[in-house]
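The values are calculated or read from the model by the stated rules, or taken from the named source; none is laboratory data. The structure displayed is predicted, hence computed values, not measured ones. Virtual Cβ from ideal backbone geometry, glycine too; neighbours counted across all protein chains shown. To get the accessible areas, we keep the full protein, side chains included, count just its heavy atoms, and leave off ligands, DNA and RNA. Shrake-Rupley method; radii C 1.70, N 1.55, O 1.52, S 1.80 Å.
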Amino acid sequence: MPPKYHIATSQSPNRFQKITRSGIIAWEEGCLKCARCVKKDCVYQVYEKRNLDNRQMLDSLDSVCMDCFRCVQNCPNRLIHKGLNPSYKVLGDHYWTPEIISNLWFQAESGRIPVSGAGYGGPFSGPGFDAMWTDMSEIVRPTRDGIHGREYISTTVDIGRKVVALELGPDGDITSSAPPLVEIPLPVIFDMLPWSPPGDNIPLSFLYGARALGTFAIVRQSGLNPVIREFLPHAIIYVDGNPDDLGAQLLGSVRIIEIPNGEDAITLQNRFKSINPELIVIIRLRLGSKTPEQALALTAQGAEALHCVADEYGLEEGSDPLFIKERMKEVHLHLVDKGVRDQITLIGGGGVAMAEHMAKLIICGADALTIDIPLLVAMECRVCRRCKEGITCPVELDSVDPLWGSVRITNLMAGWHSQLLEILGAMGIREVRRLRGEMGRAMFFEDLERETFSAMGKRG
Amino acid sequence: MMDHFQFPEIKKAPSRFRNALGKYRVTITRACTNCGLCVELCPYGVYQAGSKRPKASCDHLCIGPSCSKNDFYCVDRCPEKAIHIRSNPTFEVLGDRRWPAELLAGTWHMAETGAIPHQDLNYKTGNSGGGFDKIRFVFPGKNGTGKTGTNDDISTAIELNRSGDSRPRITIPVPLYLGGMSFGSVSIVTMLSRVRAAVALNTFCCTGEGGYPEELMDYDDHIITQVATGLFGVREETIKRVRIVEFKYAQGAKPGLGGHLLGDKVTPRVAQMREAVAGSALFSPFPFHSVYSVEDHKKHVDWIKETNRKALVSVKVSTPTDVDMVVVGSYYAGAHIVQLDGSYGGTGAAPDIAKKNIAMPIEYALPKVHKFLLEEGIRDKITIIASGGIRSAYDMAKIIAMGADGVCLGTADLVALECIRCHHCESGRGCARGIATTDEELTGLMELEWGTQRIINMYSTWRAQLVNILKRLGMGSVTELVGRFDVLAHMDYIKEEEIEGELD
Ligand code: SF4
Ligand code: SF4
C-alpha cells in the first residue's frame, strides 16, 4: 500500500470582513435599550463578539449571526428584524453563486468540509452539474472506510500516454517502451485564470500551493520570470509565444508542457519530445462540437494528453453551446467506442466550482481536471470581475502574500480531497481512476425525469 | 378496529416565544387613542388590549392586505388611521428552497391551531423547482366529483405487516410514523414529545441509533428501535421490548457515509446510553461490515426475529441507482417493511456534498421500486414507507399516489416544534431553539406537553387534508391511492390549458 496522501491544513483567517448571508439586524425606532437580546437571548454571544455598544443599537451589518431568530422572537417590544445582507445577494453571478463563493471561503479558511444539519435546503436540481446525482452502495459491496482513514482510497491519477498492451520479443523480452507518465496525487491541476489582478503574487500562490499538494499549476510562457522559474518542477508551461524561445535548458527541466491545438500540434509535440523524451505534452483545445472527432484524430496521431477547456460557466464554444459534462461524456464515449480511450489522458476544465463538480466531471469521462476561479476565491476573491475591467480589487488580491495564499489554496484542496473521498467511499470505489467514466452508476436528471414523470399528466 | 380509533383532541399550542413569526407585520403608531376597536374587530385574535395602546401580539394570524374586502378590516376602520400592515421583512431570511418561509409558517400554524392556515400561506409545496414542487393532484371535475358521505367513512389506516406470516398484523390509523432521531442528536424533550405524539396517534416513533432512554419505556408499544452499524445502545433487552425493530443500512441525508455524532453532543448521559466516552465523537461506520450479500442480510433479519418472536422487521435503506434490487433483496431476506429514505431529507449533521449529490430524491426512487415490485408480483407482500423530503400532507399524498404505502417523518416534527431551518443542529449548543441539542439549559426551553401537542396538532391537520384529498378523488381509503399515477400531473409534462381548473 502506498503511503497515505495527506494534506496538512491550518486555520487561515481572512484578511477582509467576510460577506455573510444573514446580514442585517435592525432595531426599529422605539427600542428601550433593554439589552435583553444582547445580553440574555443570544446563544452565540454574537453581540459581544461584535463589540456592539448596547447603548447604540441601530442597524448593524452582521457577520457572526447564526440566524436563530431568538432575538427577533423575544424582543419585548417586537422591534428587531432581520434582513438579507444586500452585499451577499449581489456576490458573483448566476453561476458563481453566493452559496458557492461562501462555501469556498469556508473551506479555504478552515480546511474543513462544509457540514450542516437539518437536511438539504437547496433546489431540486438545476442546469449543468446540478442535473446529476452520484451513486452509493447499500449492502452487498466491499467495505469502505476511507473517510475516517481506516481504509485506503487512492486519488492518484496519471498524466500521459498509456500503454495498452506490452509487446514481447521472440525470447520473451519486453520490446515496447513505456512512454513517460506523471503521477499527481489528486486529480486537479491549477489552470491559468480567465481574469485576475495583475502581478506575480497570484501565480506564485498557485505555484506554492501546487508544490505543497504535489500537483501542477499552468503558467504562460509569456509570464515566465526568474521567480516563477524556481517552481519549474510544479509548473506546466503553456506555450503562448514562440516555441523556439523556450530553450533546451528549460525544456529539460520541466516535466509537462501545454500547447494550443493547431495544425502542427503533433509536430510541435514531437519536436519538444525529441529534446526531452521524458517531457509530457498536453494539447489544449477549446471544447466544442468538434472535440470528439479532434480527440480521436489526435489520439491516433500519438497525442498524450488532451485538455478540453470550456469557459468560466462550463460552456463550450459555438452558438448553441453544450455544458462541459455533456460534451466530455461524448468525447469519452467516442474514444471508448473506437477502442482508444485508455491510450490517452483527458483533462477537462472550465466551470468547475465545487468539489462535487470534480467527481461529476470524472464520472463523465475526464481523468483529471483543471480549476481556476475557485483558487482565486480561496484567497477571498468576490467574483466581482472588477479586475477584468482594470479596476482595483476590493480585497487587494494583487498584494496577497503568496505563502498565505498557498495555505488558503491548500486548505481548499484538502476540503475537496475529503469530499472526493466521501463520494468514492459512498460508491464503494477505492480509487479515483475507477470513477472515470462510471456513468452507469451516476444518475442523470433527464433520464430520471423521463422514466418517472413523462407518463404523468398525459390523460385521455 | 382502526375505523373507530379516537383521534386525539386538538388543543391550542401557541409559539413558545414571545413573538411568533408570520407573513405580515402589524404596527400601531402613536396616533392610537386606545379606543380598542381593533381588538373587537379582528376575528383572528391578532390584537390584545394594552395599557397605552393595543398590542398586535399575534400578527402571525393576520391575513394581510387581502382583509381589505372585509368589513372588519382594522386598517380602514381605525378612526385614527394608526394601523399599518406590511409584509414581514424577516420572511426574506427565513427558510430555504425546500422549506420556504411560507411552508414553515403554514406548518407552525397547523402545529399551533390544528387547522389549515387561514392566511394566504402556501403550506402545500416548497420552492425547490422540481419533484413534489412540480407535481399536482388532478381532481375529477373542477372541484372533484367527490365522495359523498362523511369524513369518518374515509379510512387513512395502513397495515404494516402484509407478509402473511404468523407475526402480528399491525394497523396504524394514519399512513405515517415518526423516523429515527437519536438521543444525543435531539434533546430528551424532543424525543419524548415525538414518542408521546406517536402514542396519541396510535402510530410509532423510532429511537434512532443512540440507545433507549428509560423515559421511553412507558411507551414501548409505540417504539421502533433501531439497529445500525455502531450498535449504540442496542441490547437484546431493547430488541425484546418493542413491536418493530428497524435495521438502518443507510440514511438519506448522508447515503453511504454512516453516522457521526460530534464530540460536544456526547454528554455524560449520551455517552452512558451509548456505552461510549463523554466528549468523544462517535462514528457509526458504513456499511454493516458483516453484510456482503442478501444472505448475510437475511441472517441479520433472522437474528432479530429469533430474539423477538413477535416483532416486525423494518429495513431502512437509501436510494442508489439499483434501489429496486435492494428492496427486493430485503423482501427475500424477510423484512416486513422497507423504508426508502430519499436523498434530500434527514436531520442530523451531514456533509453538504452528500446531502445534495449522493443518491436520488425519493420522487424518483419510489416509483422505480413500486413498479419493480409489481412486476415481480410481490408488491402486496411488503409495506413500503417513503421518507426523506416529505414536508407536507400534500407531499405525503403525492408519494402514496406514486407507490408508497405510507411515510416516515422527521424534519416536519422539528418544524412543528418551531425549528427554523437554520441548519446548525450539528453542533452541541448549535440549536438555539432547544430542539436538536443536548445542552441542559437549551433543552429547558421546551415543555413536554407543549411539544407533544404541537406534533399531534400538525399530524391531525395532515390527516384532515389527506381525507379531503381522498374525498375529492372519490376514494374511500388511502390504500386505494397507492400507485395511482393517473391522479397526478407533473407541470413540465402537462399543457397550460390543462392546468387551469384542474390542479390544486
Ligand atoms: S475580488 Fe473582484 S477584482 Fe478582486 S480578484 Fe476577484 S474578481 Fe477580481
Ligand atoms: S439547529 Fe436550527 S435547523 Fe437544527 S433543529 Fe435547531 S432550529 Fe432546527
Query - Enumeration of residues in the stretch B:157-211 that are under 21 Å from residue B:333 (Cβ atoms) and of a type in the set (Val, Ile, Thr) - result: B:170
Report task. Among the candidates A:395, A:383, single out the residue that is open to solvent by less than 10 Å² (accessible area, probe 1.4 Å) and more than 16 Å from the chain's Cα centre (by Cα). Result -> A:395
Report task. Could you tell me which of the residues B:80, B:40, B:92 is among the acidic types (Asp, Glu) and touching a residue at least 40 places away in the same chain (Cβ under 8 Å)? Result -> B:80
Report summary line: Checking A:354, A:328 in turn, the sole residue that is modelled with pLDDT of 95 or more and within 14 Å of chain B (Cβ to nearest Cβ) turns out to be A:354
Requested in this report: Please state which of the following conditions residue A:173 fails to meet, knowing it meets all the rest: (1) buried (at least 21 other Cβ atoms within 10 Å of the Cβ); (2) modelled with pLDDT under 95; (3) among the acidic types (Asp, Glu).
Outcome: (1)
Report task. Collect the residues in the stretch B:266-286 that are out of contact with any Asp or Glu (no Cβ under 7 Å at 6 or more places or on another chain) and within 11 Å of chain A (Cβ to nearest Cβ), keeping them in residue-number order. Result -> B:281, B:283, B:286
Requested in this report: Return yes or no: is residue B:396 at pLDDT 95 or above, part of a helix (DSSP H, G or I) and either within 16 Å of ligand 1 (Cβ to nearest atom) or in contact with a helix residue (DSSP H, G or I) (Cβ under 8 Å, 6 or more places away or on another chain) (or both)?
Outcome: yes
Report summary line: Over the stretch A:90-129, the set of residues outside any loop (DSSP other than H, G, I, E, B) and either of a type in the set (Phe, Trp, Tyr) or closer than 26 Å to residue B:59 by Cβ (or both) is A:105, A:106, A:129
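Results for (1) modelled with pLDDT of 80 or more; (2) surrounded by fewer than 24 Cβ atoms within 10 Å (Cβ to Cβ); (3) closer than 27 Å to residue B:213 by Cα, shown as yes or no for each residue.
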site: B:246; (1), (2), (3): yes, no, yes
site: B:275; (1), (2), (3): no, yes, yes
site: B:293; (1), (2), (3): yes, yes, no
site: B:297; (1), (2), (3): yes, no, no
site: B:313; (1), (2), (3): yes, no, yes
site: B:320; (1), (2), (3): yes, no, no
Query raised in the report: How many residues are modelled with pLDDT of 95 or more and open to solvent by 20 Å² or more (accessible area, probe 1.4 Å) if we restrict to the stretch A:127-151?
Result: 2
Report task. Please work out if residue A:110 is more than 10 Å from chain B (Cβ to nearest Cβ), among the polar types (S, T, N, Q) and open to solvent by 30 Å² or more (accessible area, probe 1.4 Å). Result -> no
Query raised in the report: Which residues, taken from the stretch B:472-484, are assigned to a helix (DSSP H, G or I) and modelled with pLDDT under 95?
Result: B:472
Requested in this report: Kindly check whether there is at least one residue in the stretch B:285-305 that is in contact (Cβ under 8 Å) with a residue 12 or more places away in the chain and in contact with a Pro (Cβ under 6 Å, 6 or more places away or on another chain).
Outcome: no
Requested in this report: Answer yes if at least one residue in the stretch B:449-464 is outside any loop (DSSP other than H, G, I, E, B), open to solvent by 10 Å² or more (accessible area, probe 1.4 Å) and within 14 Å of another protein chain (Cβ to nearest Cβ), and no otherwise.
Outcome: no
Requested in this report: Determine whether residue B:219 is surrounded by fewer than 20 Cβ atoms within 10 Å (Cβ to Cβ) and within 21 Å of the chain's Cα centre (by Cα).
Outcome: yes
Report task. Please work out which residue is farthest from the other protein chains (Cβ to nearest Cβ), limiting yourself to the stretch A:441-455 and to residues that are touching a residue at least 24 places away in the same chain (Cβ under 8 Å) and in contact with a strand residue (DSSP E or B) (Cβ under 7 Å, 6 or more places away or on another chain). Result -> A:444
Query - Among (1) in contact with a helix residue (DSSP H, G or I) (Cβ under 9 Å, 6 or more places away or on another chain); (2) open to solvent by 10 Å² or more (accessible area, probe 1.4 Å) - the single one residue B:364 does not satisfy - result: (2)
Query raised in the report: Being at positive phi and surrounded by 24 or more Cβ atoms within 10 Å (Cβ to Cβ), is that true of even one residue in the stretch B:166-186?
Result: yes
Query raised in the report: Does residue B:435 satisfy the condition of being open to solvent by less than 10 Å² (accessible area, probe 1.4 Å), in contact with a helix residue (DSSP H, G or I) (Cβ under 7 Å, 6 or more places away or on another chain), more than 18 Å from residue B:176 (Cβ to Cβ) and more than 16 Å from ligand 1 (Cβ to nearest atom)?
Result: yes
Report summary line: Of the residues in the stretch B:425-441, those that are more than 7 Å from chain A (Cβ to nearest Cβ) and at pLDDT 90 or above come to B:434, B:435
Report summary line: Exactly one of A:391, A:363, A:423, A:371 is among the β-branched types (Val, Ile, Thr), under 23 Å from residue A:327 (Cα atoms) and within 16 Å of ligand 1 (Cβ to nearest atom), and that one is A:371
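Yes/no per residue for (1) more than 13 Å from every other protein chain (Cβ to nearest Cβ); (2) part of a loop (DSSP other than H, G, I, E, B):
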residue: B:300; (1), (2): no, no
residue: B:340; (1), (2): no, no
residue: B:343; (1), (2): no, yes
residue: B:347; (1), (2): no, yes
residue: B:365; (1), (2): no, no
residue: B:371; (1), (2): no, no
residue: B:385; (1), (2): yes, no
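Matching residues to (1) surrounded by fewer than 15 Cβ atoms within 10 Å (Cβ to Cβ); (2) at the interface with chain B (Cβ under 7 Å from one of its Cβ atoms); (3) modelled with pLDDT of 75 or more:
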| site | (1), (2), (3) |
| --- | --- |
| A:43 | no, yes, yes |
| A:48 | yes, no, no |
| A:56 | yes, no, no |
| A:60 | no, no, no |
| A:63 | no, no, no |
| A:68 | no, yes, yes |
| A:72 | no, yes, yes |
| A:82 | no, yes, yes |
| A:85 | no, no, yes |
Query raised in the report: Taking the stretch B:409-419 as the region of interest, how many residues are more than 17 Å from residue B:443 (Cβ to Cβ) and open to solvent by 10 Å² or more (accessible area, probe 1.4 Å)?
Result: 2
Report task. Scan A:381, A:308 and give me the residue that is touching a helix residue (DSSP H, G or I) at 6+ places or on another chain (Cβ under 7 Å) and more than 16 Å from ligand 1 (Cβ to nearest atom). Result -> A:308
**Report entry** One residue from B:476, B:483 being farther than 15 Å from residue A:117 by Cβ and more than 14 Å from every other protein chain (Cβ to nearest Cβ)
**Finding:** B:476
